[in-house]
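A short write-up of the structure that comes next.
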Amino acid sequence: MSVDQSPVRATPSVTVVGALVVDAALSDRTRSLRRVSDPAVYAIAVLSDITFGADLIAYLQGIDATLEPFGGQFVVHHPGPTLVEGELSGRGAVIVIAFPDRRSAEDWYGSPAYQEILPLRTSNSTGIAMLVDGVAEGYTARQGLQLMLAGSRRLSPG
């Protein structure tokens, strides 16, 4: 069985080639490749001053069930990271959870199930949590720079 890899014209400004899209609306200077589907989105938390006790144990016992309906999967869950810059006070941890797309990540964070257990973590640690868009396979910092110079607020076209 062979797969047709010839370009297919999807819209006047986008050409589909296999699983990648070349966005013709970008100038030659900012042209880049990206996946047809949305890139993954990551929920990232950097925590410090963690008080490990019954509340945090209950949070950890409950979080997996909140992730499953939204396709969330742990990529990093590391207490005691090795710092090479900056500082964390007290016991620290870095957590990265991958979601298939931004909507799934936002829906998970806002879900009643997660909101119910969230205070168990936030009342027992300090830190920051954020949602971050992934980039297409093969992405380079030079591509990101070109997008920034072209006025894009996002480092991944789309």
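The values are calculated or read from the model by the stated rules, or taken from the named source; none is laboratory data. For clarity, every value in this text was computed on a predicted model and none was experimentally measured. We place every Cβ from the backbone using ideal geometry, glycine too, and count neighbours over all the protein chains shown.
For G90, are the conditions met, namely being part of a loop (DSSP other than H, G, I, E, B) and not β-branched (V, I, T)? Criteria met by G90. Residue-level analysis places P119 among those that are in a helix (DSSP H, G or I) and exposed (fewer than 14 other Cβ atoms within 10 Å of the Cβ). Looking at the stretch 67-93 only, could you name the residues that are touching a residue at least 12 places away in the same chain (Cβ under 8 Å) and hydrophobic (A, V, I, L, M, F, W, C)? L67, F70, F74, V75, V76, L88, A93 - these are the residues of the stretch 67-93 that are touching a residue at least 12 places away in the same chain (Cβ under 8 Å) and hydrophobic (A, V, I, L, M, F, W, C). When we screen A98, A105, A58 for residues that are over 16 Å from Y42 (Cα atoms) and among the small types (G, A, S), the only hit is A58. For the stretch 62-105, the set of residues classified as modelled with pLDDT of 95 or more, over 16 Å from the mean Cα position of the chain (by Cα) and of a type in the set (S, T, Y) consists of T66 only. Every listed requirement among (1) at pLDDT 95 or above; (2) in a loop (DSSP other than H, G, I, E, B) is met by S152 save one, (1). Residue count for the stretch 127-149 satisfying the condition of being of a type outside the set (D, E, K, R) and exposed (fewer than 13 other Cβ atoms within 10 Å of the Cβ): 7.
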